[in-house]
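Below is one structure, written out as structure tokens; comments come after it.
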Amino acid sequence: MTKPTRRGRERAATDKEIRQIARKLLVEQGPEAVTLRAIARELGITAPALYRYYVSRDDLVEHLRLDVIADLGAELAAEAEAMADEGALQLFAICRGFRRWALTHTREFTLVFASPTGGVGSAASSVATLKRVTEPFGRIFLLAAGEVLANHELATPPEEEVPAQLREDLAAYRGELLAVINSAGLDIPAEKLDLGTTYLMIQFWARLYGHVTLEVFGNYPIPVSNPDALFDAMLADLAREIGLTLASTR
């Protein structure tokens, strides 16, 4: 393998420093503080010099987003691997880990999961969605769900109960899910991940994400003195709806 040149090493070191400063600005001041001008000031260079590394602020922010999501995926993967090799245990541990991370990394959560970039809701340009199932967090979440599918008989809605207006979108998404799950060596028959199961997985994520987002931004409709109990109750409801008991997932 060819060793990097001195110039290449210097460029890599500067790029790393740029991202470290961007992350520091994000954590300390929020997403709006991550600007090329602010980073250049920290580095002691001119803002135009940063264009040798990133073509725009949006380009830098996207790389920062990927750094954050990679760190989150690695953290949750390490926790899941330390548990028994059983998908339900891992899946609900990932749910709890996601909430814990969101509450302790609120500005990173805002950047990755709640900052539209030119669009809103489920628009392609919004990062408020689980952007790509192949990204680290999406992958670890789906692999745990795949283990649950492989090892449990779940209560899933029949396909005829899936709203007709959603079936085309769900069919396309189903293909992505199968590709990710099967690429990890999990042998999930295509018929087991039907539209009803895909719909259930989307609903599961929507409720988890919605609950965590309400908590992160303090938007519960009533004061809650024990938010841990409320979150655990929501997970118990989700488990029961798919035919599991939360006691077996601890």
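Quick notes on this one:
- Exactly one residue among 70, 78, 22, 74 is modelled with pLDDT under 90, under 21 Å from the mean Cα position of the chain (by Cα) and part of a helix (DSSP H, G or I), and that residue is 78.
The rows are residues; the columns are (1) among the acidic types (Asp, Glu); (2) open to solvent by less than 40 Å² (accessible area, probe 1.4 Å).
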position	(1), (2)
196	no, yes
200	no, yes
205	no, yes
210	no, yes
215	yes, yes
219	no, no
228	yes, no
231	no, yes
241	yes, no
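- Residue that is farthest from the chain's Cα centre (by Cα) [pool: residues in segment 25-42 that are open to solvent by 40 Å² or more (accessible area, probe 1.4 Å) and of a type outside the set (Asp, Glu)]: 41
- Scan of segment 172-184 for residues that are in a helix (DSSP H, G or I) and either farther than 11 Å from residue 197 by Cα or in contact (Cβ under 8 Å) with a residue 40 or more places away in the chain (or both), ordered by number: 172, 173, 175, 176, 177, 178, 179, 180, 181, 182, 183
- Among (1) under 27 Å from residue 144 (Cβ atoms); (2) touching a residue at least 40 places away in the same chain (Cβ under 8 Å), the one test that residue 19 misses: (1)
The values are calculated or read from the model by the stated rules, or taken from the named source; none is laboratory data. Please read these numbers as outputs of a predicted model, since none were measured by experiment. For neighbour counting, all protein chains shown are included, and Cβ atoms are generated from backbone atoms with ideal geometry for every residue, glycine included. Please note that ligands, DNA and RNA were not included when accessible areas were found on the heavy atoms of the full protein model with its side chains. Shrake-Rupley method; radii C 1.70, N 1.55, O 1.52, S 1.80 Å.
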